[in-house]
């Protein structure tokens, strides 16, 4: 009888811990919910020292009971798709960091981490082993999405290679 009681007590404790974990994840993800919606605007990127201007769209959805965001981005030049990506953002409560997994149409993928910096911007990035670090900063204010991307070979020098200013589409 004691074994059954302690087994039930352990099961209840595990369920409470799992519920608390989900609530912490949801609370952290809520800080990103203002990204949800459809966005459009101008962007640019540097490709082998040449600046390429694109029309950028982002479609962002809150999924899985508010525990992840799914972002689908497309960049077009003269109507032709030049860039297509899908990203999933979740919150890792053990390490107190956002996890991003992104996929490109050309088959490449990236695992990245993100956080809110001291200026309140969402910053995310990843290492390029033996080459440096890629980082992006997103400012979501005044109903606009401004993002910049930079490369740093040594954490001291930063070279901007991407920029965008998007506006939320109102349906």
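The values are calculated or read from the model by the stated rules, or taken from the named source; none is laboratory data. If you're wondering where the values come from, they're calculated on a predicted model, not measured in any experiment. All Cβ positions, even for glycine, are placed from backbone atoms using ideal geometry, and neighbour counts span all protein chains on display.
Observations on the model:
- Subset of segment 98-109 [at negative phi and over 11 Å from the mean Cα position of the chain (by Cα)]: 103, 104, 105, 106, 108, 109
- Single unsatisfied condition, residue 71 versus (1) at pLDDT 95 or above; (2) not in a strand (DSSP E or B): (2)
- When residue 82 is tested against (1) modelled with pLDDT of 95 or more; (2) out of contact with any helix residue (DSSP H, G or I) (no Cβ under 6 Å at 6 or more places or on another chain); (3) under 20 Å from residue 145 (Cβ atoms), just one condition goes unmet, and that condition is (1).
- In segment 40-56, the residue that is nearest to the chain's Cα centre (by Cα) out of those that are assigned to a strand (DSSP E or B) and either under 30 Å from residue 93 (Cα atoms) or free of Cβ contacts under 8 Å to residues at least 12 places away in the same chain (or both) is 47.
- Test: residue 164 is under 16 Å from the mean Cα position of the chain (by Cα) and in contact (Cβ under 8 Å) with a residue 60 or more places away in the chain: yes
- Pairs, first farther than 19 Å from residue 55 by Cβ in segment 79-98, second assigned to a loop (DSSP other than H, G, I, E, B), C-beta under 7 Å, six or more apart: 89/32; 90/67
- Selection within segment 73-91 - exposed (fewer than 15 other Cβ atoms within 10 Å of the Cβ) and within 18 Å of the chain's Cα centre (by Cα): 84
- Test result for residue 88, modelled with pLDDT of 95 or more, out of contact with any helix residue (DSSP H, G or I) (no Cβ under 7 Å at 6 or more places or on another chain) and part of a strand (DSSP E or B): yes
- Taking the conditions (1) more than 25 Å from residue 31 (Cα to Cα); (2) at pLDDT 95 or above in turn, residue 114 satisfies each one other than (1).
- Only one of the numbered conditions (1) at pLDDT below 95; (2) within 23 Å of residue 31 (Cβ to Cβ); (3) buried (at least 17 other Cβ atoms within 10 Å of the Cβ) is not met by residue 100, and that is (1).
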